[in-house]
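What follows is a short report on a single structure.
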Amino acid sequence: MFKKRASFWLAMCVVSALLSLVFACGGPKKEEDTGGGGTTATATYSGPTGNVTGKVAFTGAVPEPKKIDSSADPACGKANPNLATEDVAVKDGKLANVFVYIKDGTTADGKKIADFTWATPSATATLDQNGCHYKPHVMGVMVNQKISITNSDPTTHNIHPQPAVNTEWNQSQVANAPPIEKSFNRAEVLVPVKCNQHPWMKSYVGVLKHPFFAVSKEDGSFEIKGVPAGKYTIAAWHEKPGPKGTEKTMEVTVTASGGTADFTWDAAAVARGTQSGGLEVMPAIEFPMLGKH
């Protein structure tokens with residue numbers, strides 16, 4: 001009888017410990033609900049659409065690019081004699097490399113953008129290492145869209161994305177090596193990518209569940225095509241200031257004639273490390289999931 005009771009209580013202790021582990025671990029990482037499109041959405045949108053256009057301005061004194069010391073790898077200096085930072089790319093008062101996307105909103109018939117599914121593009125996006133810089137510096141893809149990572153430099157690079165909710169990986173790529181093909185299976189704005197061989201090399205990848213995003217060009221312009229008519233929160237992200245970048249938002253109504261969203265970054269705020277009216281992007285909050293680990 002004593003042995004039966006002891007076995008019973010031992011089993012109860014094991015069950016209790018397992019339940020505690022479930023709550024402590026919280027199950028797998030929760031997908032960041034960025035960029036609309038819930039995981040159970042099945043509807044397909046077929047109504048009117050318009051394009052969202054705009055420009056990103058930069059006011060104040062433009063920070064001078066800092067020259068990069070590439071003496072540790074002469075191949076970089078040879079490939080790019082004028083190697084310099086590219087974190088604030090301004091021309092004629094316009095800011096490039098700003099990631100603009102639909103963060104949330106509803107279509108004209110009152111449905112959430114998250115209620116619809118959007119086909120993953122069959123086209124493969126490309127992230128190239130060229131002149132010891134990542135090109136493009138900022139890019140956007142959809143969840144599960146293939147990304148081809150190439151090395152156009154005569155030296156070895158090391159590609160190291162550092163996501164908050166996606167799987168982190170780290171892989172070297174020698175000169176003339178075949179492309180590395182990867183994808184991200186969770187929405188995340190934005191995934192920083194670095195090169196462990198060359199610490200100045202940085203890129204940022206926005207991963208969304210829908211195709212409504214764009215990156216500002218050299219003249220600050222951007223265009224998000226085919227947006228369903230409705231009212232949305234449009235967000236614009238730039239890597240400066242702050243270690244996680246800054247995000248600005250505005251409400252925009254889109255009709256068949258389109259919509260407009262203009263943003264401005266301020267040089268003084270960038271210099272002091274805070275952006276007036278901006279919001280530093282933080283990782284998604286994760287909650288425990290009972291019964292999964």
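For GLN145, the residues whose modelled amide H falls within less than 5 Å of its own, excluding neighbours fewer than 5 places apart on the same chain, are PHE184. The residues neighbouring GLY77, those whose beta-carbon lies less than 14 Å from its own, together hold a net charge of -1 under the Lys/Arg +1, Asp/Glu -1 convention.
Each Lys or Arg adds one and each Asp or Glu subtracts one; over the other residues with Cβ under 10 Å from the Cβ of THR106, this totals 0. Stretching the chain fully between ASP262 and ALA177 yields a gain of 26.5 nm (0.36 nm per residue, less the alpha carbon separation). Taking packing as the residue-averaged number of other Cβ atoms within 10 angstrom, the listed peptides 249-260, 231-242 run from highest to lowest as 231-242, 249-260. Amide H to amide H distances under 5 Å link THR155 with ALA175, where only residues 5 or more positions off or on other chains count and H is placed in the peptide plane. Averaged over its residues, segment 185-252 has an accessible area of 35 Å² per residue, based on protein heavy atoms and a 1.4 Å probe.
Look at where the Cα atoms of segment 143-167 and of segment 59-76 average out, and the two centres are 22 Å apart. Taken about its Cα centre, segment 78-133 carries a charge dipole of roughly 40 debye when the Cβ of each Lys and Arg holds +1 and the Cβ of each Asp and Glu holds -1. Amide H contacts for LYS91 (H built 1.01 Å from N in the peptide plane; partners 5 or more residues away or on another chain; cut-off under 5 Å): ALA96. Along segment 64-69 the Karplus relation, 6.51 cos²θ - 1.76 cosθ + 1.60 evaluated at θ = phi - 60°, assigns HN-Hα couplings of 6, x, 8, 5, 9, 7 Hz to successive residues, with x for each Gly and Pro.
The values are calculated or read from the model by the stated rules, or taken from the named source; none is laboratory data. Since the model is a prediction, treat every value here as computed from it, not as a measurement. Here the Cβ is made from the backbone with ideal geometry for all residues, glycine too, and neighbour counts use every protein chain on show. Accessible surface is based on the protein model in full, side chains and every heavy atom, while ligands, DNA and RNA are left aside. Shrake-Rupley method; radii C 1.70, N 1.55, O 1.52, S 1.80 Å.
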